[in-house]
Amino acid sequence: MSTMKSIHKKSIAAAAAVLLGISSFAIVGAEPSNGASELNGDVVEYNAKTGLMTADGHVVLKHNDGVARGSHAEYNTKTQDGLLTGGVVANQGDTHLTCDSVRFFGGTQVVAEGNVHGSKGDKAYEGPRAEYSTDNEYLRLPAGGTITTADGSFTADYMEGWMKENHARGVGNAYVTSPKRNFEGGGDEAEYFGEESGKVVLTGNAWAIQDNNRLKSQRLTVYLDEKGQAQTEAAQ
Amino acid sequence: MEKKMKMVMLLAAAAFIGGIAWVVFSVPKEENVKEAGDPGPRLMEYSSNTIREEKDGKVIWEIYAEQSQMNVDTQDTVFQNVKGKYYQGDKLITITAPHGVYNSKTRNVRLDGGAKAVTSDNETLDCASLEWVADEGRLLAIGKAKLVRGGVTITADRIEAADEFNSFKAQGNAHIVKGKE
């Protein structure tokens, strides 16, 4: 069970990191922290009254050290709402993202949609949609997906995470696996409380396997200490 | 008698041929006719002249030029060392260029040789040539166009300004920068 803490914590953090990377592209209108923001394309339009910028054809968006490419971009310098569509490829440092479209809302929310593949370092997210709010550091994967780290992966039909509280939840066919540590577990729901001794609660047809140890219950609570040891409580 | 007759006939033939040759070779060439009939464009030259376009009693633009040359027949005008004022709503755009052409038929104005526009809000537009398309109410900056407006800089092969210098369309190597460049 030693991996459960690391998997949950790193997994949600991985998806958040990817979207945080994306959100830093929120972009031309946001006051650049250390330089200019650029929007390039075959055709670029700007309306100073509305603040709307659009770019079409070979769109390249640059901000700080980040570069995002697509076929169409919109950005409103007044509302800070933005959209990048058409085979989006974004890179910033070790953060990479590909998807069909990315939308920015007010500089505080980012939504990536359509074949979303994101990675940061050795962590990655794959799924149909990812949403991130920068103001409350809330991550939502409404159509689920798979988050992968060097330790293993976490899959569920619906996932969400509260980064400040180090709290994450996966609902529907929640499945955690760590081949490296020979661990896997699952249930209808998996919830991780990082601030409560690394508590992981698996509920609804919960099960866990590590080495030759098998547990099955309606509710499994696993406490993970810093040494990677696990204490498990099972309740019917 | 027969000899005399032959001589007369030869002389007559020679005179006839000579006459034809004179007619053929004495016809003036076409260019000479033109030169003779068309004295060329009738031009009027002015120094320190101003022309303006008005619509509904409001001045849309006016152009001052150190030297102007107007074709009296077409009313087209060529300017040297131009300084123009272009009124867009409450905004005044001052334009300078070393050379310009006014087409009286289209009422379009084209300033070239390196044009620069500065608005009353200190926005700038630099380009190789600047064209006012009268019918469409558009201002086109063509060739290495660069617009600086507030914190936004746009560069492109061509920038089109409309809506009282509030709306811009950049085409060809279009590049927009917000923040320091």
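The values are calculated or read from the model by the stated rules, or taken from the named source; none is laboratory data. Since the structure is predicted, the reported quantities are computational estimates derived from the model, not experimental observations. Don't worry about glycine lacking a Cβ; one is built from the backbone with ideal geometry, like all the others, and counts go over all protein chains shown. In case anyone asks, the SASA skips ligands and DNA or RNA and just uses the protein heavy atoms, side chains included. Shrake-Rupley method; radii C 1.70, N 1.55, O 1.52, S 1.80 Å.
Here B:I176, B:I95 are screened, and the one residue that is over 30 Å from B:E45 (Cα atoms) and either in contact with a helix residue (DSSP H, G or I) (Cβ under 6 Å, 6 or more places away or on another chain) or part of a strand (DSSP E or B) (or both) is B:I176.
Before we move on, is B:E131 within 17 Å of B:W61 (Cβ to Cβ), more than 14 Å from chain A (Cβ to nearest Cβ) and not in a strand (DSSP E or B)?
Working: within 17 Å of B:W61 (Cβ to Cβ): yes; more than 14 Å from chain A (Cβ to nearest Cβ): yes; not in a strand (DSSP E or B): no.
So B:E131 fails the test.
Answer with yes or no whether A:V116 is among the aliphatic types (A, V, I, L, M), open to solvent by 10 Å² or more (accessible area, probe 1.4 Å) and free of Cβ contacts under 8 Å to residues at least 60 places away in the same chain. Break it down stepwise before answering.
On the way: among the aliphatic types (A, V, I, L, M): yes; open to solvent by 10 Å² or more (accessible area, probe 1.4 Å): no; free of Cβ contacts under 8 Å to residues at least 60 places away in the same chain: yes.
It is false that A:V116 is among the aliphatic types (A, V, I, L, M), open to solvent by 10 Å² or more (accessible area, probe 1.4 Å) and free of Cβ contacts under 8 Å to residues at least 60 places away in the same chain.
Within the stretch A:22-47, if we keep just the residues that are modelled with pLDDT of 90 or more and of a type in the set (A, V, I, L, M, F, W, C), the residue that is nearest to the chain's Cα centre (by Cα) turns out to be A:L39.
Look at the stretch B:102-114: where a residue is closer than 15 Å to B:M70 by Cβ and a partner is among the hydroxyl-bearing types (S, T, Y) and modelled with pLDDT under 95, sitting 6+ places away or on another chain with Cβ atoms under 8 Å, you get B:Y102/B:T77; B:S104/B:T74; B:S104/B:T77; B:K105/B:T74; B:V109/B:Y102. Residues of the stretch A:140-163 that are open to solvent by less than 10 Å² (accessible area, probe 1.4 Å) and modelled with pLDDT of 85 or more: A:L141, A:G144, A:A156, A:M159. A:V59 falls short of the stated requirement of being part of a strand (DSSP E or B), at pLDDT 95 or above and more than 28 Å from the chain's Cα centre (by Cα).
Kindly provide the set of residues from the stretch B:83-100 that are within 16 Å of B:R52 (Cβ to Cβ) and either modelled with pLDDT under 90 or open to solvent by 50 Å² or more (accessible area, probe 1.4 Å) (or both), ordered by number. If you could, list the steps in order and put the result at the bottom.
Going through the stretch B:83-100, the residues within 16 Å of B:R52 (Cβ to Cβ) turn out to be B:83-88, B:92-95, B:100.
Of everything in the stretch B:83-100, those that are within 16 Å of B:R52 (Cβ to Cβ) and either modelled with pLDDT under 90 or open to solvent by 50 Å² or more (accessible area, probe 1.4 Å) (or both) turn out to be B:K83, B:G84, B:K85, B:Y86, B:Y87, B:Q88, B:L92, B:I93.
Selection of the stretch B:125-148 for residues being open to solvent by 30 Å² or more (accessible area, probe 1.4 Å) and at pLDDT 90 or above yields B:D126, B:A128, B:E131, B:I142, B:K144, B:K146, B:V148. Among the residues of the stretch A:103-118, those identified as more than 13 Å from the chain's Cα centre (by Cα) and within 19 Å of A:S37 (Cα to Cα) are A:R103, A:F104, A:F105, A:G106, A:G107, A:T108. The condition of being within 14 Å of chain A (Cβ to nearest Cβ), of a type outside the set (A, V, I, L, M) and open to solvent by less than 10 Å² (accessible area, probe 1.4 Å) holds for only one of B:F165, B:F79, that being B:F165. Of all the numbered requirements in (1) of a type in the set (F, W, Y); (2) modelled with pLDDT of 85 or more; (3) within 27 Å of B:K169 (Cα to Cα), B:F79 misses one, and that requirement is (3). Tell me, yes or no, whether the stretch A:70-81 has at least one residue that is under 20 Å from B:N173 (Cβ atoms) and within 12 Å of chain B (Cβ to nearest Cβ). Within the stretch A:70-81, one or more residues are under 20 Å from B:N173 (Cβ atoms) and within 12 Å of chain B (Cβ to nearest Cβ).
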